[in-house]
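S.K.: Quick one: structure below, then a few questions.
The values are calculated or read from the model by the stated rules, or taken from the named source; none is laboratory data. None of these values were measured; they are calculated from a predicted model. Using ideal geometry, Cβ is built from the backbone for each residue, glycine included, and neighbour counts are taken over all protein chains shown. Please note that ligands, DNA and RNA were not included when accessible areas were found on the heavy atoms of the full protein model with its side chains. Shrake-Rupley method; radii C 1.70, N 1.55, O 1.52, S 1.80 Å.
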Amino acid sequence: MLGAFAVGKTSLVRRYVESIYSDAYHTTVGVKISNKVVQVNNTEVKLVLWDVYGEDDFQRMSWKYLEGAFGYLLVADGTRPATLDKALALEQKARVEVGALPFVFVVNKCDLVNDWQFDATLEAQLAAKNWSILRSSAKTGEGVEEAFARLTEAMLR
Amino acid sequence: MATPLQVFSREFGYVLLEHKGEGKFVLGSDPPSWFNELWGATQPADVPIPLAAMSPFLENFLVEAQTCWSSSQTAECRSEVWIESTPAGREVPLQATALLRDGQQMLVLHSPEAQYRERVQILQTARNAVLEHEKLLQEIQKKEILLHCIIHDLSQPLSAMRGSFDCLSAFTESEEGQKIIALGKMATQQQESMIREIIQVFAADLRATMDMEKGVNHAPDLLVCARNAITSFSPAFAAKRVNLILDPQIDQHAHWHVQGEESRLRRVFTNLLENALRYSFEGGNVTVGLESDGDFRKAFIDDEGPGLPPELRPAQLFALFSKGKEGGGKAGLGLYFCRTTVERWGGSISCTSLPEIGSRFWFRLPQAAAPAEGEAPPDELLSTVADPGPAVKGRRAMRILFAEDQEDIRTLTTYQLERSGHHVHAVCNGREALSALLHQHFDVILLDEEMPATGGVQVAHTIRENEARAGSHAFLIALTGNSTEDDEARLRREGFDAVLGKPFRLEALAEILDAASSTLPRRSAPKKPPAAISAGIDDLLGRIGGDRKLLNKMIQTFLHDTPKRIASLQKALHRKDADEVASLAHALKGSLGIFLAQHARDRAQELEELGRKSELGGAASVYAALQEEIAKLEENLRGYAKQTQAQPRSTVSKQTQRLAGKRKKQ
């Protein structure tokens, strides 16, 4: 799980793995690892989800966590434009550090429609670059299963 | 018997493990409780524990650890903190250190619980603050955008209003009428000034680089400002039947000069009076008073409204975007401006509920020395009443291309520029401007920044590119609704020679045109327009300040519109639609009145009255007479239009010159 701080990485994992959501923001320090076994095309797949702390001025992310990863969810907060920029920067950095891994770009918090700032132009630009993009809400669950399912499929290809 | 190392490990929550290969470890010390919680009961010391298989994080870390263990020298490497969860759901922070000691591959696991919690707390606080800050910035941005939209929309009609007043002024002879027009012009100037200040102050405020010293040394007279504000606001108060009073207790002979600047101080009064009016009831009083307060001079505005809500602190009312009481102000700006302005000048501002009824808003400013004798008086409000209108004399006529999508601004500005003797080609978008440039040379090109299809900046780029090839240079003026200093600098970088913020004063445009004129090569003066031929038309010409172009335009409009109106009138009579007859006859009456066609006008009035009374019985004969009169007038006007093609200006009748001169004096 890559993305700026407070974009909802931990919430997405908790929603996906434990079907739990909390409105309160608890910052992640360090790395949390969760497992989830899913069925893909009649094959049992164990997903090991590394919820890496969000990068900001206070914490620099260690790229060694991505060594050995099969793919990643790139998460941004659709209500905070700076996190979109951060996600784009992280994707570039990931490509340099660990090569072209499969990833899905998840623009989270789509339940906050009134504050939504992820504009369609950027979405179209990224889609034109063959990015797999979807909107999600850890709060409502919208797009969460699909995000992980898309990533799993991409990693198995 | 436990070794000292084992005791240390247990006491301080460390566990020492020896790597036996393939991610399996044997315990080198008694494990602390968290170890057992996470990975089961303590194993016999010699049974390898497959930790890598139990912890994906450790599995990953072992890659790094292996490098350390493969080293030929004593080495160590440390992981970052990671979280493992116990089967009961408790989160345990861990940190691993790989060591190579005497050839043994060692791994020390440690739970830095206290440091971890402290770090979480610090980061949580810091990030919460960042999130709050981001949220606040977003709110400010949203409001700033809204504010700019409001300001932009507010300022757009001002140009049209100003132009309309100028036009009205040209048509109005009576002294009373001129006074009313001057009041209207004064109000538009005041509003324009306020809008400009809102833009400037907010742009600066948001950048936190406001010029704190600007305009502090003019020492305006508080009493003059109060009087002017009362004069200006009296109509609004009268309309709401609220009495606006200057406190009779004020010492008229005292020295009321304060630190500050005239126009902003006027706005402080304006905002406070607006606020008082908003909360006043019909029949109530609003009193403007002044009093001395040590080295300060204090102004207050007392209203008889509902007073301040007890839960509201004055500071809240003067905060940015505070809207005060329910159903109150518009954008929450007015009182904020008052506070920032007054505080900038070293004063203070507040409000309080009055003991019996209403509230008092007051501000105080440091007393200042009165301006020395002979010093230029402040820009008093009433000085604008004697606005002499646009000066024509001595200005060089230029060929101006004017691109503006707003029809009212385009028409009125064109009219004003032509009145000033310039030759104007007006178009409604950038594309048309570029097209006009292909066929004609212009001395000055006036471009609205925001136009459909091709905007002003785009046109400027094209012009400058072409000029770079041709080696020429036209004077480009940008008209923009975004008139901060940053905007001006930006537009100058885009290739404009001058920038004029909307709404603009004709005088400001004239000054820029004068500057443009001085950059042009000398050439012969343009041909003078022809003169009138009949006394009736001369009279009309005199009433519009001798402006033949306008007269021609009026004639063309009349000749174009009147046949349509006559046809519509005939149809309305045929349908016996009395209301429509009255309405159309009324419109015709107005047009005919302009051309002093008294007989025709009388017939139109008769028709209008018949229509209003729904008595259309005798209307047909009146209509026929009207038609006949109009036909005569049209013939005369066509004749005039033809003959003026070749007639030199010197033949203007004495009567026209006299009337035109009279208008200028007014």
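S.K.: How far is it, in nm, from the label point at residue B:631 to the one at residue A:149 when both lie 7 Å from their Cα along the line to the Cβ?
M.R.: 8.4 nm
S.K.: Shifting gears a bit: Tell me the per residue accessible area of region A:2-156 using a 1.4 Å probe; a whole number in Å² is fine.
M.R.: Dividing the accessible area of region A:2-156 by its residue count gives 47 Å².
S.K.: Between their Cα atoms, which of A:86/B:135; B:564/B:632; A:86/B:143; A:46/A:139; B:143/B:502 are more than 19 Å away from each other?
M.R.: Checking Cα-Cα distances, A:86/B:143; A:46/A:139; B:143/B:502 exceed 19 Å.
S.K.: Just give the residues from region B:55-70 buried by at least 40 square angstrom of accessible area in the all-chains context relative to the isolated chain, probe 1.4 Å, and say none if nothing qualifies.
M.R.: B:56, B:57, B:60
S.K.: Rounded to the nearest 100 Å², what is the sum over both chains of accessible area buried where B meets A, with a probe of 1.4 Å? Don't skip to the answer; put the middle values down first.
M.R.: Values: alone 34750 and 8530 Å², together 41080 Å².
That pair of chains buries around 2200 Å² in total.
S.K.: Still on this structure: List the residues of region B:111-160 for which accessible area in the full set of protein chains is at least 20 Å² lower than for the chain on its own; 1.4 Å probe, protein heavy atoms only.
M.R.: B:116, B:119, B:120, B:123, B:124, B:126, B:127, B:130, B:131, B:134, B:138, B:142
S.K.: Check each residue of region A:25-60 and keep those whose accessible area, probe 1.4 Å, is at least 30 Å² smaller with all protein chains in place than in the chain alone; give them in order of residue number.
M.R.: At a threshold of 30 Å² (probe 1.4 Å), the residues of region A:25-60 that become less exposed are A:25, A:27, A:29, A:31, A:32, A:33, A:50, A:58, A:59.
S.K.: On to the next question. Can you flag which of A:9/A:36; B:576/B:613; A:9/A:64; A:36/A:93 are past 23 Å Cα-Cα?
M.R.: From A:9/A:36; B:576/B:613; A:9/A:64; A:36/A:93, over 23 Å: A:36/A:93.
S.K.: Sticking with the crude label model, points 7 Å out along Cα→Cβ, report the distance from residue A:127 to residue B:553 in nm, one decimal please.
M.R.: For residue A:127 paired with residue B:553, the spin-label model returns 5.0 nm.
S.K.: Let me ask something additional. Using a 1.4 Å probe and ignoring any ligands, DNA or RNA, find the accessible area of residue A:116 and quote it in Å² to the nearest 10.
M.R.: For residue A:116, solvent-accessible area is about 50 Å².
S.K.: From the phi of every residue in region B:126-133, what ³J(HN,Hα) in whole Hz does the Karplus formula 6.51 cos²θ - 1.76 cosθ + 1.60 yield, where θ is phi - 60° and glycine or proline is x?
M.R.: Running phi through 6.51 cos²θ - 1.76 cosθ + 1.60 with θ = phi - 60° gives 4, 6, 4, 5, 4, 4, 4, 4 Hz.
S.K.: Sticking with this one: Order these peptides, A:8-21, A:92-105, by their mean beta-carbon neighbour count within 10 angstrom, highest first.
M.R.: A:8-21, A:92-105
S.K.: Multiplying the sequence separation of residue B:24 and residue B:574 by 0.36 nm and subtracting their Cα-Cα distance, what value in nm do you get? Don't jump to the answer; show the numbers that get you there.
M.R.: Working: separation 550, 0.36 × 550 = 198.00 nm, distance 10.78 nm.
That pair, residue B:24 and residue B:574, stretches by 187.2 nm at full extension.
S.K.: Over region A:1-138, what percent of the accessible surface lies on carbon and sulfur atoms, probe 1.4 Å?
M.R.: On the way: 3040 of 6330 Å².
About 48 percent, which is the carbon plus sulfur part of the accessible surface.
S.K.: Could you rank the peptides B:593-605, A:30-42, B:283-295 by their average count of other C-beta atoms within 10 Å per residue, with the highest value first?
M.R.: Details: B:593-605: 19.1, A:30-42: 14.2, B:283-295: 16.2.
By packing density, highest mean first, the sequence is B:593-605, B:283-295, A:30-42.
S.K.: Rounded to the nearest 10 Å², what accessible area does residue A:25 show when all protein chains are kept and the probe is 1.4 Å?
M.R.: Taking all protein chains as shown, residue A:25 has close to 60 Å².
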